[in-house]
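Below: the structure, in C-alpha cells.
The values are calculated or read from the model by the stated rules, or taken from the named source; none is laboratory data. Note that the coordinates shown come from a computational prediction; the quantities given were computed from them, not determined experimentally. Here the Cβ positions follow ideal geometry from the backbone for every residue, glycine too, while neighbour counts run over all protein chains shown.
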C-alpha cells in the first residue's frame, strides 16, 4: 500500500512540475499605446512604434504585449481608457499630448512617454524642458512654433527686389 501511494505521489509531482514551472515564468511586459484621436488616422505611427520596439529587441506577443487604445476624438473617454491600462498593469504608457495629460492626472506610478508638437510645459505635462520631473517625459516637435522664425530668417537672407 505504501509503495502505491509513493508512486502516485511521484507521478503526480512529475506531471505537475512542468505546469508549476510554466506558471512561475514572468508575464510579458505590457506597453499601453494611447491616443486621444482615432487610431485609423495614426496607423503609420503604430507601425513605426512597432518597428522601433523590434529594433530595440522587443517583438510583439513574443517578449512584449502592446495594448492599443483610442478615445476616437472624445476626450472624455480618456480617463476610463487610462484606468483600463493601469488595471492591466502596463509597464509604460505611450501617448499623444492630450492622452498623456489624462494619464499623468490618473497616475504618478506608471511611466508616461509622450510625443507632441505643442509646448509640454504650457500643456502641464512637465514642469520644465530641462527637468521634466515626475513620471512623464517625451519628445517635442516644435516645427509649428519655428515656422514664423524660419520665415523671418528667410526674409533677412533674401533681399527684396
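Annotations for the structure displayed:
- Filtering the stretch 75-90 to residues that are free of Cβ contacts under 8 Å to residues at least 60 places away in the same chain and outside any helix (DSSP H, G or I) leaves 88, 89.
- In the stretch 26-41, the residues that are buried (at least 17 other Cβ atoms within 10 Å of the Cβ) and over 14 Å from residue 97 (Cα atoms): 31, 32
- Residue count for the stretch 95-112, restricted to those that are part of a strand (DSSP E or B) and either surrounded by fewer than 22 Cβ atoms within 10 Å (Cβ to Cβ) or out of contact with any helix residue (DSSP H, G or I) (no Cβ under 7 Å at 6 or more places or on another chain) (or both): 1
- Residue within the stretch 138-156 that is touching a strand residue (DSSP E or B) at 6+ places or on another chain (Cβ under 8 Å), at pLDDT below 95, surrounded by 15 or more Cβ atoms within 10 Å (Cβ to Cβ) and under 19 Å from residue 30 (Cα atoms) present: yes
- The one condition from (1) modelled with pLDDT of 85 or more; (2) part of a helix (DSSP H, G or I) that residue 115 does not meet is (2).
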